[in-house]
Amino acid sequence: MTPFAMMFPGQGSQKRGMLAEIGQNYSLIKQTFDQASNALGYDLWHIVQHGPAKDLNNTIHTQPILLTSSVALFRLWQEQGRDNPTILVGYSLGEYSALVCAGAISLEEAVCLVKKRGQLMQKAILNKKVGMLIVMGLNKDMIFRICQNSAQEDNSIVQPIIFNSQREVVIAGNQSALLRVEKNCKISGAVVVSLPTIPSHCELMKPIANEFSSALDKVTLKNPRLPVLNNVDVRCESDPCKIRSSLIRQLYMPVRWMECIEFIMKQGIVIFIEVGPGHVLSSIIKRNSPHLNPLNLDNSFFLKKPYKFKKILA
(Lines give C-alpha, C1' and ligand atoms only; values in the text may rest on other atoms or scores of the structure.)
Protein backbone atom coordinates (compact mmCIF):
# COMPACT_ATOMS: atom_id res chain seq x y z
CA MET A 1 0.00 0.00 0.00
CA THR A 2 1.26 3.48 -0.86
CA PRO A 3 1.38 5.66 2.28
CA PHE A 4 -0.79 8.76 2.13
CA ALA A 5 -2.12 11.50 4.38
CA MET A 6 -5.65 12.84 4.60
CA MET A 7 -6.21 16.55 5.32
CA PHE A 8 -9.42 17.98 6.75
CA PRO A 9 -10.29 21.65 6.04
CA GLY A 10 -11.48 24.34 8.42
CA GLN A 11 -13.80 27.31 8.05
CA GLY A 12 -13.77 29.02 4.68
CA SER A 13 -14.38 25.89 2.59
CA GLN A 14 -18.17 26.11 2.79
CA LYS A 15 -20.46 27.20 -0.01
CA ARG A 16 -24.17 26.84 -0.63
CA GLY A 17 -25.09 23.73 -2.60
CA MET A 18 -21.89 21.86 -1.82
CA LEU A 19 -22.11 18.06 -1.95
CA ALA A 20 -25.49 18.27 -3.73
CA GLU A 21 -24.46 16.11 -6.69
CA ILE A 22 -22.66 13.51 -4.64
CA GLY A 23 -25.55 13.48 -2.15
CA GLN A 24 -27.94 12.55 -4.96
CA ASN A 25 -25.78 9.58 -5.93
CA TYR A 26 -24.78 8.24 -2.53
CA SER A 27 -27.31 7.91 0.30
CA LEU A 28 -24.51 7.72 2.89
CA ILE A 29 -23.89 11.47 2.51
CA LYS A 30 -27.43 12.41 3.49
CA GLN A 31 -27.50 9.70 6.20
CA THR A 32 -24.44 11.23 7.82
CA PHE A 33 -26.03 14.69 7.72
CA ASP A 34 -29.23 13.25 9.22
CA GLN A 35 -27.20 11.75 12.07
CA ALA A 36 -25.57 15.10 12.81
CA SER A 37 -28.85 17.00 12.44
CA ASN A 38 -30.60 14.72 14.91
CA ALA A 39 -27.87 15.41 17.46
CA LEU A 40 -28.19 19.18 16.99
CA GLY A 41 -31.96 19.40 16.64
CA TYR A 42 -32.05 21.22 13.29
CA ASP A 43 -31.50 20.36 9.62
CA LEU A 44 -27.88 20.94 8.56
CA TRP A 45 -28.47 19.65 5.03
CA HIS A 46 -31.20 22.25 4.44
CA ILE A 47 -28.80 25.05 5.44
CA VAL A 48 -26.11 23.64 3.15
CA GLN A 49 -28.39 23.37 0.15
CA HIS A 50 -30.66 26.37 0.60
CA GLY A 51 -28.93 28.79 2.96
CA PRO A 52 -29.43 31.64 3.46
CA ALA A 53 -25.75 32.59 3.27
CA LYS A 54 -25.85 34.30 6.67
CA ASP A 55 -26.84 30.97 8.27
CA LEU A 56 -24.29 28.93 6.33
CA ASN A 57 -21.53 31.39 7.26
CA ASN A 58 -22.59 31.74 10.89
CA THR A 59 -19.81 29.95 12.75
CA ILE A 60 -22.19 28.02 15.01
CA HIS A 61 -23.58 26.38 11.84
CA THR A 62 -20.43 26.45 9.71
CA GLN A 63 -18.37 24.39 12.13
CA PRO A 64 -20.84 21.46 12.41
CA ILE A 65 -21.52 21.60 8.66
CA LEU A 66 -17.88 21.35 7.61
CA LEU A 67 -17.17 18.63 10.16
CA THR A 68 -20.15 16.60 8.92
CA SER A 69 -19.16 17.13 5.28
CA SER A 70 -15.67 15.74 5.87
CA VAL A 71 -16.94 12.79 7.89
CA ALA A 72 -19.51 11.94 5.21
CA LEU A 73 -16.86 11.89 2.48
CA PHE A 74 -14.50 9.84 4.62
CA ARG A 75 -17.25 7.31 5.34
CA LEU A 76 -17.98 7.02 1.63
CA TRP A 77 -14.27 6.37 1.01
CA GLN A 78 -14.37 3.59 3.61
CA GLU A 79 -17.67 2.15 2.33
CA GLN A 80 -15.99 1.59 -1.02
CA GLY A 81 -13.37 -0.59 0.65
CA ARG A 82 -10.43 1.74 0.21
CA ASP A 83 -7.27 1.74 2.32
CA ASN A 84 -7.00 3.78 5.49
CA PRO A 85 -4.67 6.77 5.42
CA THR A 86 -1.30 6.51 7.11
CA ILE A 87 -1.94 9.71 9.06
CA LEU A 88 -4.69 12.32 9.42
CA VAL A 89 -4.30 16.06 9.96
CA GLY A 90 -6.87 18.83 10.26
CA TYR A 91 -6.61 22.57 9.66
CA SER A 92 -8.00 24.31 12.76
CA LEU A 93 -11.63 23.05 12.93
CA GLY A 94 -10.52 20.20 10.66
CA GLU A 95 -8.70 18.61 13.58
CA TYR A 96 -12.12 17.69 15.01
CA SER A 97 -13.08 16.08 11.69
CA ALA A 98 -9.86 14.07 11.76
CA LEU A 99 -10.54 12.89 15.32
CA VAL A 100 -14.06 11.73 14.38
CA CYS A 101 -12.73 9.84 11.36
CA ALA A 102 -10.05 8.26 13.55
CA GLY A 103 -12.69 7.04 16.01
CA ALA A 104 -11.57 9.25 18.91
CA ILE A 105 -14.96 10.97 19.24
CA SER A 106 -18.45 10.25 17.95
CA LEU A 107 -19.98 12.40 15.24
CA GLU A 108 -22.93 13.26 17.50
CA GLU A 109 -20.73 14.55 20.30
CA ALA A 110 -18.36 16.29 17.92
CA VAL A 111 -21.01 18.38 16.12
CA CYS A 112 -22.44 19.53 19.43
CA LEU A 113 -18.96 20.34 20.72
CA VAL A 114 -17.94 22.42 17.70
CA LYS A 115 -21.28 24.24 17.79
CA LYS A 116 -20.44 25.16 21.39
CA ARG A 117 -16.96 26.14 20.24
CA GLY A 118 -18.49 28.48 17.67
CA GLN A 119 -20.82 30.02 20.25
CA LEU A 120 -17.94 30.67 22.63
CA MET A 121 -15.80 32.15 19.87
CA GLN A 122 -18.61 34.59 19.09
CA LYS A 123 -18.88 35.40 22.79
CA ALA A 124 -15.15 36.12 23.02
CA ILE A 125 -15.33 38.91 20.44
CA LEU A 126 -18.73 40.34 21.37
CA ASN A 127 -18.67 44.15 21.03
CA LYS A 128 -15.02 44.08 19.95
CA LYS A 129 -13.58 45.35 16.68
CA VAL A 130 -11.41 42.47 15.51
CA GLY A 131 -10.36 40.79 12.29
CA MET A 132 -8.01 38.54 10.37
CA LEU A 133 -5.52 39.06 7.56
CA ILE A 134 -3.46 36.76 5.40
CA VAL A 135 -0.02 38.12 4.57
CA MET A 136 1.90 36.74 1.60
CA GLY A 137 5.46 37.59 0.64
CA LEU A 138 7.17 38.30 3.97
CA ASN A 139 9.08 35.83 6.14
CA LYS A 140 7.55 34.96 9.48
CA ASP A 141 10.30 36.69 11.51
CA MET A 142 9.51 40.02 9.85
CA ILE A 143 5.79 39.47 10.43
CA PHE A 144 6.44 38.75 14.12
CA ARG A 145 8.32 42.05 14.44
CA ILE A 146 5.62 44.03 12.65
CA CYS A 147 2.95 42.51 14.92
CA GLN A 148 4.92 43.20 18.09
CA ASN A 149 5.55 46.83 17.14
CA SER A 150 1.90 47.35 16.13
CA ALA A 151 0.57 45.83 19.36
CA GLN A 152 2.80 47.96 21.57
CA GLU A 153 1.35 51.23 20.30
CA ASP A 154 -1.90 50.82 22.25
CA ASN A 155 -1.41 47.50 24.10
CA SER A 156 -3.77 45.75 21.72
CA ILE A 157 -3.70 42.13 20.59
CA VAL A 158 -2.36 41.23 17.16
CA GLN A 159 -0.40 38.10 16.40
CA PRO A 160 0.35 35.43 13.79
CA ILE A 161 -2.13 32.59 14.21
CA ILE A 162 -1.64 30.24 11.26
CA PHE A 163 1.61 29.45 9.50
CA ASN A 164 0.80 28.15 6.02
CA SER A 165 4.41 28.50 4.88
CA GLN A 166 7.54 30.51 5.52
CA ARG A 167 6.05 33.39 3.51
CA GLU A 168 2.30 32.96 4.03
CA VAL A 169 0.97 33.75 7.49
CA VAL A 170 -2.51 34.47 8.86
CA ILE A 171 -2.74 37.23 11.48
CA ALA A 172 -5.56 38.03 13.92
CA GLY A 173 -6.27 40.66 16.54
CA ASN A 174 -7.84 44.01 17.38
CA GLN A 175 -8.80 46.08 14.37
CA SER A 176 -6.68 49.09 15.33
CA ALA A 177 -3.50 47.04 15.43
CA LEU A 178 -4.45 45.06 12.32
CA LEU A 179 -4.70 48.28 10.33
CA ARG A 180 -1.15 49.17 11.36
CA VAL A 181 0.05 45.66 10.50
CA GLU A 182 -1.62 45.83 7.10
CA LYS A 183 -0.04 49.20 6.33
CA ASN A 184 3.47 48.14 7.39
CA CYS A 185 3.29 44.79 5.61
CA LYS A 186 2.26 46.48 2.37
CA ILE A 187 5.09 49.01 2.74
CA SER A 188 7.43 46.01 3.08
CA GLY A 189 6.11 44.58 -0.20
CA ALA A 190 3.60 42.01 1.02
CA VAL A 191 0.23 41.11 -0.44
CA VAL A 192 -2.40 41.43 2.29
CA VAL A 193 -5.96 40.08 2.12
CA SER A 194 -8.70 40.44 4.74
CA LEU A 195 -10.45 37.23 5.85
CA PRO A 196 -14.11 37.14 6.96
CA THR A 197 -13.61 34.67 9.81
CA ILE A 198 -13.69 34.92 13.60
CA PRO A 199 -10.10 35.45 14.83
CA SER A 200 -9.37 32.28 16.74
CA HIS A 201 -5.99 30.78 17.75
CA CYS A 202 -4.94 33.98 19.51
CA GLU A 203 -5.06 35.66 22.91
CA LEU A 204 -8.57 36.95 22.17
CA MET A 205 -9.83 33.42 22.79
CA LYS A 206 -8.17 32.86 26.17
CA PRO A 207 -11.15 34.14 28.21
CA ILE A 208 -13.33 31.30 26.88
CA ALA A 209 -10.80 28.51 27.44
CA ASN A 210 -12.17 27.41 30.81
CA GLU A 211 -15.76 27.31 29.57
CA PHE A 212 -14.72 25.31 26.53
CA SER A 213 -12.73 22.98 28.76
CA SER A 214 -15.88 22.30 30.78
CA ALA A 215 -17.78 21.44 27.59
CA LEU A 216 -14.95 19.19 26.46
CA ASP A 217 -14.98 17.38 29.83
CA LYS A 218 -18.49 16.13 29.01
CA VAL A 219 -17.33 14.50 25.77
CA THR A 220 -16.09 10.91 25.60
CA LEU A 221 -12.66 10.81 23.99
CA LYS A 222 -11.08 7.49 23.02
CA ASN A 223 -7.72 6.37 21.71
CA PRO A 224 -7.77 7.14 17.96
CA ARG A 225 -7.63 4.12 15.65
CA LEU A 226 -5.48 6.10 13.20
CA PRO A 227 -2.72 8.63 13.95
CA VAL A 228 -3.98 12.22 14.13
CA LEU A 229 -1.39 14.99 13.99
CA ASN A 230 -2.40 17.98 16.11
CA ASN A 231 -2.01 21.67 15.23
CA VAL A 232 -0.53 22.92 18.49
CA ASP A 233 2.32 20.52 19.26
CA VAL A 234 2.72 18.86 15.83
CA ARG A 235 2.40 15.50 17.56
CA CYS A 236 0.26 12.40 17.24
CA GLU A 237 -1.31 11.79 20.62
CA SER A 238 -3.10 8.59 21.62
CA ASP A 239 -3.84 9.54 25.23
CA PRO A 240 -7.33 11.14 25.44
CA CYS A 241 -6.09 13.50 28.18
CA LYS A 242 -3.37 14.85 25.90
CA ILE A 243 -5.82 15.16 23.01
CA ARG A 244 -8.14 17.13 25.28
CA SER A 245 -5.29 19.44 26.30
CA SER A 246 -4.29 20.12 22.70
CA LEU A 247 -7.87 20.97 21.69
CA ILE A 248 -8.18 23.50 24.52
CA ARG A 249 -4.85 25.13 23.70
CA GLN A 250 -5.73 25.18 20.01
CA LEU A 251 -8.32 27.87 20.81
CA TYR A 252 -5.64 30.45 21.63
CA MET A 253 -2.41 29.06 20.17
CA PRO A 254 -1.25 29.15 16.52
CA VAL A 255 -1.94 26.48 13.92
CA ARG A 256 1.49 25.21 12.83
CA TRP A 257 0.29 23.99 9.44
CA MET A 258 3.61 24.28 7.63
CA GLU A 259 5.29 22.19 10.32
CA CYS A 260 2.49 19.62 10.13
CA ILE A 261 3.05 19.14 6.40
CA GLU A 262 6.82 18.96 6.92
CA PHE A 263 6.35 16.37 9.69
CA ILE A 264 4.28 14.18 7.39
CA MET A 265 6.76 14.47 4.55
CA LYS A 266 9.58 13.41 6.88
CA GLN A 267 7.70 10.12 7.30
CA GLY A 268 8.20 9.55 3.58
CA ILE A 269 4.64 10.56 2.68
CA VAL A 270 4.17 12.77 -0.38
CA ILE A 271 0.53 12.02 -1.24
CA PHE A 272 -2.02 14.33 0.40
CA ILE A 273 -5.78 13.97 -0.03
CA GLU A 274 -8.12 16.77 1.05
CA VAL A 275 -11.32 15.39 2.59
CA GLY A 276 -14.03 18.01 2.47
CA PRO A 277 -15.67 20.59 0.23
CA GLY A 278 -13.45 22.99 -1.65
CA HIS A 279 -9.73 22.98 -2.36
CA VAL A 280 -8.36 25.37 0.28
CA LEU A 281 -5.73 23.04 1.71
CA SER A 282 -4.75 21.69 -1.70
CA SER A 283 -4.26 25.26 -2.91
CA ILE A 284 -2.04 26.10 0.06
CA ILE A 285 0.15 23.08 -0.67
CA LYS A 286 0.34 23.86 -4.39
CA ARG A 287 1.38 27.46 -3.68
CA ASN A 288 4.07 26.50 -1.21
CA SER A 289 5.21 23.03 -2.32
CA PRO A 290 4.88 22.94 -6.12
CA HIS A 291 6.50 19.50 -6.31
CA LEU A 292 3.52 17.99 -4.48
CA ASN A 293 0.23 17.16 -6.21
CA PRO A 294 -2.54 17.08 -3.60
CA LEU A 295 -5.82 15.37 -4.47
CA ASN A 296 -9.41 15.97 -3.40
CA LEU A 297 -12.25 13.74 -2.32
CA ASP A 298 -15.06 15.50 -4.14
CA ASN A 299 -17.38 14.98 -7.10
CA SER A 300 -14.36 14.48 -9.34
CA PHE A 301 -13.30 11.48 -7.28
CA PHE A 302 -16.58 9.76 -6.55
CA LEU A 303 -18.46 10.60 -9.76
CA LYS A 304 -15.96 11.26 -12.53
CA LYS A 305 -12.31 10.25 -12.25
CA PRO A 306 -11.67 7.52 -9.68
CA TYR A 307 -9.05 5.99 -11.99
CA LYS A 308 -6.75 8.90 -11.12
CA PHE A 309 -6.70 7.84 -7.48
CA LYS A 310 -6.36 4.14 -8.29
CA LYS A 311 -3.21 4.86 -10.24
CA ILE A 312 -1.63 7.06 -7.58
CA LEU A 313 -2.54 4.86 -4.60
CA ALA A 314 -1.76 1.56 -6.31
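The values are calculated or read from the model by the stated rules, or taken from the named source; none is laboratory data. Computed from a predicted model, the values in this text were never measured in an experiment. As a convention, Cβ positions derive from the backbone with ideal geometry for all residues, glycine included, and neighbour counts pool all protein chains shown. Accessible surface areas use protein heavy atoms only, side chains included; no ligands, DNA or RNA. Shrake-Rupley method; radii C 1.70, N 1.55, O 1.52, S 1.80 Å.
What residue among Ala190, Ala53, Ala172 shows peak mean-square fluctuation when the chain is described by a Gaussian network model with Cα springs under 10 Å?
Ala53
Would you mind telling me the share, in percent, of accessible area of the chain contributed by carbon and sulfur at probe 1.4 angstrom?
On the chain, the fraction of accessible area on carbon and sulfur atoms equals 49 percent.
Put a dot 7 Å past each Cα toward the Cβ at Asp83 and Asn293; how far apart are the dots in nm?
About 1.7 nm, to one decimal.
Provide the FRET efficiency to the nearest 0.05 for the Ser213-Asn38 pair, computing r from the beta carbons and using R0 = 25 Å.
With R0 = 25 Å, the Cβ-Cβ based efficiency is 0.40.
Apply the Karplus parameterisation 6.51 cos²θ - 1.76 cosθ + 1.60, with θ equal to phi minus 60°, to every residue of the stretch 29-46 and state each ³J(HN,Hα) to the nearest whole Hz, in sequence, with x for glycine and proline.
4, 5, 4, 5, 5, 4, 4, 5, 5, 4, 5, 8, x, 8, 8, 5, 4, 4
If you add up the charges near Met258, with Lys and Arg at +1 and Asp and Glu at -1, over every other residue whose beta carbon is less than 12 angstrom from its beta carbon, what do you get?
Counting the neighbours of Met258, the net charge comes to +1.
Using r as the Cβ-Cβ distance of Leu179 and Lys15, and R0 as 30 Å, what FRET efficiency do you calculate, to the nearest 0.05?
That pair, Leu179 with Lys15, gives E of 0.55.
Starting from the Cα gyration tensor of the stretch 66-170, take the square roots of the eigenvalues, sort them a ≥ b ≥ c, and report rounded, prolate or oblate (rounded when a/c is under 1.5, otherwise prolate if a/b is larger than b/c, else oblate).
Oblate, since a/c reaches 1.5 and b/c is not below a/b.
Quick check: from the Cα gyration tensor, does the stretch 1-73 come out rounded (a/c under 1.5), prolate or oblate?
Since a/c reaches 1.5 and a/b is larger than b/c, the shape of the stretch 1-73 is classed as prolate.
Set the Förster radius R0 to 30 Å, insert the Cβ-Cβ distance between Glu262 and Val191 as r into 1/(1 + (r/R0)^6), and round the FRET efficiency to 0.05.
E(calc), rounded to 0.05, equals 0.80.
Sorted by accessible area with a 1.4 angstrom probe, largest first, how do Leu297, Leu28 fall?
Accessible-area ranking of Leu297, Leu28, largest first: Leu28, Leu297.
Considering only the chain, what is the antiparallel percent among its DSSP beta bridges, to the nearest 5?
Counting only bridges with both partners in the chain, antiparallel ones make up about 60 percent.
Compute the Cα gyration tensor for the stretch 127-167, then decide on rounded, prolate or oblate, letting a ≥ b ≥ c be the square roots of its eigenvalues: rounded whenever a/c is under 1.5, prolate when a/b is larger than b/c in the other cases, and oblate in all that remain.
Verdict is oblate for the stretch 127-167.
Hey, can you find the accessible area per residue of the stretch 167-277 for me, probe 1.4 Å, expressed in square angstrom?
Ligands and nucleic acids excluded, the figure is 44 Å² per residue.
Tilt of helix 140-152 relative to the longest C-alpha principal axis of the chain, in degrees (0 to 90, nearest 10)?
50
Using +1 at the C-beta of Lys and Arg and -1 at the C-beta of Asp and Glu, which of Tyr91, Leu292, Ser165 has the Cα lying farthest in the positive direction of the dipole of the chain?
Leu292
Report the label-to-label distance for Gln24 and Ser238 in nanometres (one decimal), using points 7 Å from each Cα along the Cα→Cβ vector.
In this crude spin-label approximation the distance works out to 4.5 nm.
Given the rule -39500 (n - 2.57) for each run of at least 4 DSSP H residues, summed and divided by the residues of the chain, what is its mean residue ellipticity at 222 nm, to the nearest 500 deg cm²/dmol?
-14500 deg cm²/dmol
Which whole-number value in Å² is the accessible area per residue of the stretch 1-42, probe 1.4 Å?
Here the per-residue accessible area is 45 Å².
Cβ under 9 Å from Gly103's Cβ, Gly103 left aside: what net charge do those residues give with Lys, Arg +1 and Asp, Glu -1?
Spelling it out: positives minus negatives among the neighbours equals +2.
Taking the Cβ of Ile157 as the center, what net charge do the other residues with Cβ under 14 Å away carry, scoring Lys and Arg +1 and Asp and Glu -1?
Result for the neighbourhood of Ile157: +1.
What label, among (1) 23.6, 72; (2) 19.0, 57; (3) 30.9, 102, belongs to Rg and Dmax of the Cα atoms in Å computed from the structure on display?
Only one option fits the structure, namely (2).
Can you tell me how much longer the chain between Lys54 and Val270 gets when fully stretched, taken as 0.36 nm per residue apart minus their C-alpha distance, in nm with one decimal?
Separation in residues times 0.36 nm, less the Cα-Cα distance, equals 74.0 nm.
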